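Participant: Mind looking over this structure? Questions follow.
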Amino acid sequence: MLRRMGLLDGKVVIVTGAGRGIGRGEALECAAQGAAVVVAEFDKDAGEAVAGEITEAGGRAVAAGGDVADAAVADSLVATAVERFGALDALVNNAGILRDRTVAKLSDDDWDAVVRVHLRGHFMPTRAAVRYWREAKRPGHVVHTSSTSGLLGNFGQGNYGAAKAGIAAFSTIVAMEGARSGITSNAIAPTALTRMTLDLMPEEFRSRREASIERGEFDFFAPENVAPLVAFLCSDASSHISGKVFGVQGDSVEIFQPFTSVAEIKNHGKRWDPEDLPGRIDELFDVAGVQPGAENMMQRMRYQILAEH
Ligand SMILES: NC(=O)c1ccc[n+]([C@@H]2O[C@H](COP(=O)([O-])OP(=O)(O)OC[C@H]3O[C@@H](n4cnc5c(N)ncnc54)[C@H](O)[C@@H]3O)[C@@H](O)[C@H]2O)c1
C-alpha cells in the first residue's frame, strides 16, 4: 500500500465514520498517500478492522471509538492524533446515518437523530480541529460530507437533506473564518453504493452492476472512488481551494455553483404592497429561467447516472 512519495507523506488525518463505506475508502487512501490516520468509528470492530488493514500494509493508524457528535469524543480525536502521531493536518467529516420518511410521517426522534449525527457530528470535530490549529499556529484542511439530497433536494429525506444543506453552509463559513490562518474547508457530495444506499437501488440495476464487476469493468459506484479527491483536499496541494462544494462519483469530479441570486425586482424605493407582488413576481422566474413550482432536480440527475452505468 505504501508509496515512497505520497500526497500526504508525514501528515496526520482524522476520518470519521471510517469503519466502512466511503469513510473506509478515504482512510485507506490517505494512508496509502503517506498519512497516519485516526480511524474514528462508532462501531468498534469495524474501526479496528480498518486500522488493522492499514497497519498490516505497513501504514500508521489507530482506531478511536465513540459518537463523533459528542464534544468529549470529538476533542479526544484531536488529542489522539497529537499524542499518537505528533500533530493534526486534516480532518475528514464523513460519519452519517439515514432515517428516511416523508415529512408528514417523520418522528421527532428521526429528525433529531439525523440532524445530530450530521450537523453536530461535523461541528464538534471541526471545532476541536480549528481550536488546535489556531493554538498551534498551523494550517489545516477540513473536508465535510454534504449530499445531493441537501443541494438538490430528495423525496423522503427532509431530515437528512436539511442537515446536508446545513453542512455545505457550515463548510463555507469555516472556509471564510479560516482563510487568514491557512485553514481550508471544502465539502463533497459523493455518490457510491454502500450499506447506506445499496438497498435503495432497483434490483435490475444491482444485477447489471454485479455482472459488470464480474467482467472486470470499472465499478463506477465503488465507495473507494470518492477517496482520491478527498486525499487531495487533505493535502497542501489543495491549499488554494476553499469554500467549495464538489460532486464526486466514479471517475467524475464536479463543482457545484454556490447558491447565488440570479434575478431581482424592485419597487421604486418604496416598501412592497403585498397586493402588487402577484403582478410582478413572475418577472423573477422569467428572467432567471427558474420554475415557480416544486422541481425535482435529483430525479433528473439520478436517472442520467443510472442510465449511463
Ligand atoms: N453512499 C452515498 O451515495 C452517499 C451519498 C451522499 C452522501 N453520503 C454521505 O457519505 C457519508 C458516508 O456514507 P456511507 O454511504 O459510506 O455510509 P455507511 O453507513 O456505509 O458508513 C457510515 C459509517 O459512519 C459510522 N457512523 C455513523 N454515525 C456515527 C457517529 N455518530 N460517530 C461515529 N461513526 C458513526 C457508521 O458506523 C458507519 O461505519 C455519510 O455522511 C453519508 O451521508 C453518502
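Participant: Dipole of segment 12-255, Cα-centred, from +1 at each Lys and Arg C-beta and -1 at each Asp and Glu C-beta, to the nearest 20 debye?
Facilitator: Working: 23 positive and 31 negative charges, 160 e Å.
In debye, rounded to 20, segment 12-255 gives about 760.
Participant: Considering the dipole of the chain built from charges on the beta carbon (Lys and Arg +1, Asp and Glu -1) around the Cα centre, which of V78, Q299, I97 is farthest to its positive end?
Facilitator: V78
Participant: For segment 193-198, just list the computed ³J(HN,Hα) in residue order, Karplus coefficients 6.51, -1.76 and 1.60, θ = phi - 60°, integers in Hz, with x standing in for Gly and Pro.
Facilitator: Computed from phi, the couplings for segment 193-198 are 8, 9, 3, 5, 10, 4 Hz.
Participant: Please give the peptides 126-139, 272-285 ranked by average Cβ packing (other Cβ atoms within 10 Å per residue), highest first, as a rough proxy for protection.
Facilitator: 126-139, 272-285
Participant: Have a look at I54, L88, M124 and report the one farthest towards the positive end of the charge dipole of the chain, computed about the Cα centre with Cβ charges (Lys/Arg +1, Asp/Glu -1).
Facilitator: L88
Participant: Moving on to the next point. Distance between Cα centroids, segment 220-280 to segment 89-131: provide it in whole Å.
Facilitator: 20
Participant: Once you have a ≥ b ≥ c as the square roots of the Cα gyration tensor eigenvalues for segment 39-186, tell me rounded if a/c is under 1.5, and otherwise prolate or oblate according to whether a/b is larger than b/c. All intermediate terms of the calculation are to be shown ahead of the outcome.
Facilitator: Values: a/c = 2.23, a/b = 1.38, b/c = 1.62.
Since a/c reaches 1.5 but b/c is at least a/b, the shape of segment 39-186 is classed as oblate.
Participant: Shifting gears a bit: Relative contact order for the chain: what percent, with Cα pairs under 8 Å and sequence separation of 6 or more? Please list the in-between numbers first.
Facilitator: Values: 590 pairs, mean separation 50.0, N = 309.
Rounded, it is 16 percent for the chain.
Participant: If packing is taken as the average count of other Cβ atoms within 10 Å, what order do 254-261, 162-169 fall into, highest mean first? Kindly include the intermediate steps, with their values, before the conclusion.
Facilitator: Numbers: 254-261: 10.1, 162-169: 21.0.
Descending packing order for the listed peptides: 162-169, 254-261.
Participant: Separate question: Show that you can apply the helix-only estimate: for the chain, add -39,500 (n - 2.57) for every DSSP H stretch of four or more residues, divide by all residues, and state [θ] at 222 nm to the nearest 500. Before the final figure, lay out the partial values.
Facilitator: Values: 12 runs with 131 residues, N = 309.
Taking each H run of at least 4 residues, the total per residue is -13000 deg cm²/dmol.
Participant: Another question about this same structure. If you count only protein heavy atoms and use a 1.4 Å probe, how large is the accessible surface of M297, to the nearest 10 Å²?
Facilitator: The accessible area of M297 comes to roughly 70 Å².
Participant: Stokes-Einstein D for the chain at 10 °C, 1.306 mPa s, Kirkwood Rh over Cα pairs, in µm²/s?
Facilitator: 77
The values are calculated or read from the model by the stated rules, or taken from the named source; none is laboratory data. For clarity, every value in this text was computed on a predicted model and none was experimentally measured. Note that we place each Cβ from the backbone using ideal geometry, even for glycine, and neighbour counts take in every protein chain shown. Side chains are part of the model used for accessible areas, which takes the heavy atoms of the whole protein and leaves out ligands, DNA and RNA. Shrake-Rupley method; radii C 1.70, N 1.55, O 1.52, S 1.80 Å.
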